[in-house]
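Undergrad: Dropping the structure in here first, questions after.
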Amino acid sequence: QAQANAANPKLAALPWKRLPDHSFAGSRQSWENEWEAKGVRRVLTSSVAGDPYRVEFSDPVAKYSVVVHHAPQYHILRHWLCGDDLNFARSLHRCMRITPSGGKSGAAFFVSHDRRFLLKGVNKAEFKMLTTQVESLFWYVDQVLFDKLPSMLAQVVGLFTVSATWRHKSKKYKRSFIVQRNLRYSLQSGGLPHFCYDLKGVGKNRRVPAAEKETEDGKGATSPTSQEGLSPGPEPPETNRSGEATKPVLWDQNFREWTKGKPLCLLSRDLTYLKAAFWNDTQLLSKQSLVDYSLLLAGEQQNSPSGPSGSQAPNARGVGTLSLGIIDYLRPYTWDKQMETAVKSFAYHSSDKPTVIEPVDYARRFWNAMGTFFVAETPPMP
């Protein structure tokens, strides 16, 4: 703990919310102590140095290159969160292109053939953040893994730059990707129909007006448009095992209409952890000047009357499992985002701000909104 705090004293001094007695925090496993004794924490919290690993190979068609960034750190994350590297490689050896619903980011998305992982193409600003500010993110990961700091961030488990040069053409391909776990994997692998919302904590303007179904490859699909035209989360519409397409990802106002303005009820211990996690995550992201993140909320549909856009309305007596995670948190508040904030501020009424605002204000709005989306099922015992 002391060594980790010394590695980043500014972050260590922030008022993090820890839950040492919470059931989610748990106790240290023997293998965790062994990892710490072997210096794993030093790898996560020390300065990121050295050149990335490069793997090159070729076939009769083209020459290929894969650059593996921050290999030691992501190696630790994968072993902790995903198992070993062999299973990770088996998942990624074949991926399918998918098309997210809504938004205008233009990012490329792929899903591994077993649906365990999502790959998202990152732009220059995001890639720069992952190479210049990544030490703070790894320090935070160390706190989450070893000291059980509550967090809802969908962790990045790999950063790769893929290049291809065709032998008989002048065309070249180069793109960087992050790899994250698919938060909807447990629902999709079981073939369960489920709802999915991307929540940024903004007002009624962020709404998908028409929840049109899409196929995974996007053929013949029309993306819903919003009144803001902003980028959605990385979770695209998928199909279950029967081949029936699930509904696309909906947004804040769709969620309010679905719940009829009421918050979702959670167990008291779950809500306690969630609130602490939101507090910690928004502190980290605001300090790193990151914006445009959102909460992905997915859950199994209950057998109850349909709500807006054909989704199932919450069942008063239904008990289910939610899959939650903060996504799209790698976007720095660069000059183009600052310009977007200034321009859109003139276009909105004084009581309704644009989606992307300054990092501290964005974090505060997100934190406050999450408090309106969830409530404890019963008050905690005195």
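Undergrad: Calculate, in nm to one decimal, what Ala164 and Lys17 gain on full extension: separation in residues at 0.36 nm each, minus their alpha carbon distance. Please report the intermediate quantities before stating the final value.
TA: Details: separation 147, 0.36 × 147 = 52.92 nm, distance 4.55 nm.
Difference between extended and current length: 48.4 nm.
Undergrad: Using a 10 Å cut-off on Cβ atoms, rank the peptides 106-116, 8-18, 50-60 from the highest mean neighbour count down. Don't skip to the end; give the middle numbers.
TA: Working: 106-116: 16.9, 8-18: 13.0, 50-60: 9.8.
Listed from highest to lowest mean packing, they are 106-116, 8-18, 50-60.
Undergrad: Send over the per residue convex hull volume for region 66-196, Cα only, as a whole number of Å³.
TA: For region 66-196, the hull spanned by Cα atoms encloses 152 Å³ per residue.
Undergrad: Follow-up question, since we're still on this one. If you put +1 on each Lys and Arg Cβ and -1 on each Asp and Glu Cβ, how big is the dipole of region 107-187 around its Cα centre, in Debye rounded to 20?
TA: 740 debye
None of the figures in this text is laboratory data; all of them are computed from the coordinates on show. Because the structure is a prediction, the values reported are computed rather than measured. Ideal geometry is used to build each Cβ from the backbone, glycine not excepted, and the neighbour counts take in all protein chains shown.
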